[in-house]
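Undergrad: There's a structure below that I have some questions on.
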Amino acid sequence: MLIISSVIFATITFLRISFPTEQMLLYTALINGGVLTSRMILLNSLIVDITNHENRGKYFGYNFGLFMGSGLIGNLIGGTLGDFLGFGTALLITGITHLLSNTFLFIVHEDKKHHSEVLLKDIFNLRDFNNLQTHIIKIHLIRTFLIGFGAGLFVNFGNVIFKDLFNMKPTIIGVALAFAQLGASLGSIFSSKLSKKFGAYQFTFFMNILVIPLIISFSIVRDPYIFTLLYALRFSFMNMTNPVSTTIIMSYIPQNKITTISSFRNFLNFIARSLAALMFGYITSLSNGYSYLFLISAIFYFISLLLLKVLFKPILNDEIFIKLYKKTTND
Amino acid sequence: MRNLLYYTFFSSIAQSIYRIVFNLFLRDIGFNNTFISHITSLEMIGSAFLGLLIGIMGISLERN
């Protein structure tokens with residue numbers, strides 16, 4: 001499946017470069033989005049398949065680290081390639097690299113003993129939750145939608161935003177977004193440690209508060225260096241809180257329902273981002289559109305901050321929550 | 001496992017180059033933000049539905 005999705009991605013990329021008509025771009029967008037997302041899910045499944053309980057955590061860690069690191073390198077290379085060889089050639093190189101990366105997959109030995117027998121109604125059965133779990137899941141999904149919408153207004157358009165606001169060259173855009181990616185990586189690395197040090201709730205809440213003035217500042221700041229710094233800070237703060245809140249929420253969901261809830265969460269997240277992406281086009285076509293865009297995004301983050309308080313309220317003194325990020329003696 | 005990590009490395013580089021370049025490519029060939037946002041929106045819808053489908057398939061596999 002991974003190889004098929006990679007071949008589809010490369011084919012779509014080649015088609016888009018060769019025939020960049022409106023129809024071609026629109027028709028291929030739906031499939032391409034699915035293919036890009038499926039890669040990560042399938043990759044995680046494959047890791048589960050070829051590892052055991054002893055080494056799984058280690059290899060997931062390596063995989064995540066590589067994913068973050070190569071994302072950073074890709075941002076740097078992408079901008080430079082676009083600048084010096086042209087965007088079409090850069091996309092061609094993307095397609096070829098993706099295709100060639102499959103060479104390594106041919107050597108991976110997959111465990112094919114699985115077979116599917118589970119009924120759809122079992123997967124969508126959400127009646128087995130107690131009141132606390134229902135509360136957590138409900139708020140978690142609403143927050144996912146709100147944050148997905150708030151982020152979707154600008155996160156997928158970082159390259160266009162830097163181009164429009166500062167007329168940056170692609171190489172510099174690549175550097176700016178690599179800087180943001182670095183912030184995101186550092187945020188992920190330190191999230192667990194900082195949560196133990198300051199307390200998971202206090203830390204998550206504080207980081208979520210800080211994100212709001214940062215997003216508001218995007219609508220005011222028009223110095224490219226300060227903007228890039230603030231943009232990277234926003235990425236790191238969000239990546240500091242996401243793993244913590246996800247760990248807490250998943251600890252309250254029955255083991256056999258985690259994948260179901262994660263799938264719903266991903267679905268809502270992408271639907272919210274899809275709607276927000278449409279809004280991006282309309283809002284930025286207005287004069288001062290970018291200022292409005294970031295202010296609207298900040299409103300969504302603010303509502304999700306209020307819901308974070310509601311989410312944590314019934315679990316603050318709960319045993320599971322206290323144990324999760326218990327302070328260690330070294331902290 | 002090492003081969004899978006190599007795959008992650010190279011395919012992630014390719015995808016992040018794509019993410020940096022694609023919108024700029026569209027802008028370069030004359031499309032405006034409204035059209036670019038439509039393309040991104042469709043990609044997200046594709047991600048939502050295929051992601052859900054694969055998630056369900058994943059659950060089926062997990063329980064066996």
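Undergrad: Assuming 0.36 nm per residue, please report the length gained on full extension of the stretch residue A:51 to residue A:222 beyond their Cα-Cα distance.
TA: Between residue A:51 and residue A:222, full extension yields an extra 56.7 nm.
Undergrad: Over the protein assembly as shown, what percent of the accessible surface lies on carbon and sulfur atoms, probe 1.4 Å?
TA: Exposed carbon and sulfur together represent 66 percent of the surface.
Undergrad: Something else: Please list, in order, the residues from segment B:1-41 whose amide nitrogen is less than 13 Å from a point placed 7 Å along the Cα→Cβ vector of residue A:73.
TA: B:5-17
Undergrad: OK, next. Could you give log10 I(q)/I(0) at q = 0.18, 0.21, 0.23 Å⁻¹ for segment B:2-63, computed by the Debye formula over C-alpha point scatterers of equal weight, without solvent?
TA: Ignoring solvent entirely, the Cα scatterers give -0.87, -0.96, -0.99.
Undergrad: Longer than 27 Å from Cα to Cα, which of A:138/A:163; A:138/A:323; A:138/A:197; A:163/A:193; A:58/A:257 are they? Say none if no pair is.
TA: Exceeds cut-off: A:138/A:163; A:138/A:197; A:163/A:193.
Undergrad: Could I ask something else about it? As a test of the formula, what do you get for chain B when each DSSP H run with n ≥ 4 contributes -39,500 (n - 2.57) and the sum is divided by the residue count, at 222 nm and rounded to the nearest 500 deg cm²/dmol?
TA: Calculated mean residue ellipticity at 222 nm is -32000 deg cm²/dmol.
Undergrad: Right, another one. Would you tell me the accessible area of residue A:106, worked out with a 1.4 angstrom probe on the heavy atoms of the protein chains, in Å² to the nearest 10?
TA: My reading of the accessible area for residue A:106 is about 150 Å².
Undergrad: Might you tell me the accessible area per residue for the protein assembly as shown, computed with a 1.4 Å probe and given in Å²?
TA: In whole numbers, the protein assembly as shown has 47 Å² accessible per residue.
Undergrad: Counting only protein chains, not ligands or nucleic acids, how are A:160, A:155, A:175 ordered by accessible area (probe 1.4 Å), most first?
TA: A:175, A:155, A:160
Undergrad: What number, in percent, do you get for the relative contact order of chain A if the mean sequence gap of Cα pairs under 8 Å and at least 6 apart is divided by its residue count?
TA: Reported relative contact order: 24 percent.
Undergrad: Sticking with this structure for a sec: By how many nm would the segment from residue A:103 to residue A:247 lengthen if fully extended, with 0.36 nm per residue of separation less the alpha-carbon distance?
TA: 48.4 nm
Undergrad: Ranked by accessible surface with a 1.4 Å probe, highest first, in what order do A:222, A:143 come?
TA: Ranked list, largest accessible area first: A:222, A:143.
Undergrad: Just from its helices, what would the mean residue ellipticity at 222 nm be for chain A, if runs of 4 or more DSSP H residues each count -39500 (n - 2.57) and the sum is divided by every residue, rounded to the nearest 500 deg cm²/dmol?
TA: -27500 deg cm²/dmol
Undergrad: Next up: Could you tell me the total accessible area buried at the A-B interface, probe 1.4 Å, in square angstrom to the nearest hundred?
TA: 6900 Å²
Undergrad: Quick check: Cα centre of segment A:273-298 to Cα centre of segment A:126-184, how many Å?
TA: Answer, in whole Å: 14.
Undergrad: Grab the beta carbon distance between residue A:96 and residue A:131, set R0 = 41 Å, and tell me the FRET efficiency rounded to 0.05.
TA: Plugging the Cβ-Cβ distance into 1/(1 + (r/R0)^6) gives 0.15.
The values are calculated or read from the model by the stated rules, or taken from the named source; none is laboratory data. Every value quoted in this text rests on a predicted model; they were computed, and no experiment measured them. Don't worry about glycine lacking a Cβ; one is built from the backbone with ideal geometry, like all the others, and counts go over all protein chains shown. Areas reflect the complete protein model, heavy atoms only, side chains present, ligands, DNA and RNA absent. Shrake-Rupley method; radii C 1.70, N 1.55, O 1.52, S 1.80 Å.
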